[in-house]
1. Among T30, T40, which is the only one that is under 25 Å from the mean Cα position of the chain (by Cα) and under 30 Å from M123 (Cβ atoms)?
2. Mind checking whether some residue in the range 53-70 is part of a loop (DSSP other than H, G, I, E, B), at pLDDT 95 or above, crowded, with 21+ Cβ neighbours inside 10 Å and assigned by TED's automatic domain parsing to the domain that holds N232?
3. Which of (1) surrounded by 21 or more Cβ atoms within 10 Å (Cβ to Cβ); (2) over 17 Å from the mean Cα position of the chain (by Cα) is the odd one out, the single condition S85 does not satisfy?
4. Of all residues in the range 201-251, which are surrounded by 24 or more Cβ atoms within 10 Å (Cβ to Cβ), without any contact (Cβ under 8 Å) to a residue 60 or more places away in the chain and farther than 22 Å from L272 by Cβ?
5. Can you confirm whether the range 322-340 contains a residue that is more than 18 Å from G154 (Cβ to Cβ), touching a residue at least 12 places away in the same chain (Cβ under 8 Å), surrounded by 20 or more Cβ atoms within 10 Å (Cβ to Cβ) and not hydroxyl-bearing (S, T, Y)?
6. Say we look at the range 220-262 and pick out the residues that are of a type in the set (S, T, N, Q) and in a helix (DSSP H, G or I); which of these is modelled with the lowest pLDDT?
7. Can you list the strands (runs of 3 or more DSSP E) lying wholly within the range 123-200 that have 2 or more residues being surrounded by fewer than 23 Cβ atoms within 10 Å (Cβ to Cβ)?
Amino acid sequence: MPDFPWDRIAAAGEHARKHPDGIVDLSIGTPVDDTPKVITSALAAAANAPGYPTAAGLLELRQAWTNWAGRILHAELTTDQVAPSIGSKEIVAWLPIIFGLTAQSVVAIPELAYPTYAVGAMMAQAKFVTYKNADSIPANADLIWVNSPSNPTGEVLGVSELKAIIARGREIAAPVVSDECYIELGWDAEPISILDPRVCGGDFTGILAVHSLSKRSNLAGYRSGSVLGDANLISDIVSLRKHSGMLVPTPIQMATIAALGDDSHVQIQRELYAKRREILHNALVNAGFTVEHSQAGLYLWATNGTTCAETINWLADRGILAAPGDFYGPSGARHVRLALTATDERIASAASRLAT
């Protein structure tokens, strides 16, 4: 396994902490706002859970996910097309192993991508290759990852781009798995699911979508997500998870049902992030940065024309910690990623520091 990338910015973090007003840590997208009461109440009410949960999850949970998918993704699913997961990262990391990939296998990931896509391939001892668009996905790919809205860039793929990737996956018999955990956080573009009938025509063959409650519901600490789509692929995922003990605890399942059934807290959180985004975006532009893509999600993908290492140090001088763009691929070498997941006070402090 590669070194954990965040260790690379430890020195910058120590330098930023010496700022008289303390560090503004925008390097990791960890939610900081309270978990909504509708969710914590459901968790508390389900605390008496002496029995083992199942890998497939409660029927009520799978129904809650299908109801949510109908409202938010415009996808009509049945409960056998849903499997709960221990956050979305479980699926991202373990799916190549679940699908039986080996050292002879190839995983295709976006050119700029969340590092765990590559790590998941390496865990299966498979190779990984990067692609820019459907035409550059190699014919020997055994699994294709899509990420829209993107982490790190916030780019949103359109209907035609997603259709082309599905077509390529079906042409080469490779499952297409779309990581969509920021789909309810669109700003300058409307994110669209790979399961949306405008994209797949209602045919889920060979396609899956991965979702998480970490961002939209401030539930990163609960580790609750799901994978939805092709019933045959879902069955394979559930079968292996039974043997490996990847079980979402029953109280978390009940809290998830409450979270999926309440859209009001998501709108409140969206409004908080929208305000923080506007403040930070304007401050970066006024400081000479260009913000690219960043149409959705919880990050601003920014460059001031220097290398990401130079930019990280420039920000650290002002007590701000960001993530270097090359964490996500060589083509990010002149960008940094700044998260919106900080309090109003810390975002305002970062904005004032960028003005100096």
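The values are calculated or read from the model by the stated rules, or taken from the named source; none is laboratory data. None of these values were measured; they are calculated from a predicted model. Reconstructed Cβ throughout: ideal geometry from the backbone, glycine too, with neighbour counts over all protein chains shown.
1. Every option except T30 fails the conditions.
2. Yes, that holds for at least one residue.
3. In the conditions (1) surrounded by 21 or more Cβ atoms within 10 Å (Cβ to Cβ); (2) over 17 Å from the mean Cα position of the chain (by Cα), S85 misses (2) alone.
4. Passing the criteria: I207, L208.
5. Within the range 322-340, none of the residues are more than 18 Å from G154 (Cβ to Cβ), touching a residue at least 12 places away in the same chain (Cβ under 8 Å), surrounded by 20 or more Cβ atoms within 10 Å (Cβ to Cβ) and not hydroxyl-bearing (S, T, Y).
6. Among them, the one singled out is S244.
7. Here the list reads 127-131.
Okay, residues lined up against (1) closer than 21 Å to I86 by Cβ; (2) acidic (D, E):
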{"site": "I194", "(1), (2)": "no, no"}
{"site": "P197", "(1), (2)": "no, no"}
{"site": "L228", "(1), (2)": "yes, no"}
{"site": "I237", "(1), (2)": "yes, no"}
{"site": "T250", "(1), (2)": "yes, no"}
{"site": "L260", "(1), (2)": "yes, no"}
{"site": "D263", "(1), (2)": "no, yes"}
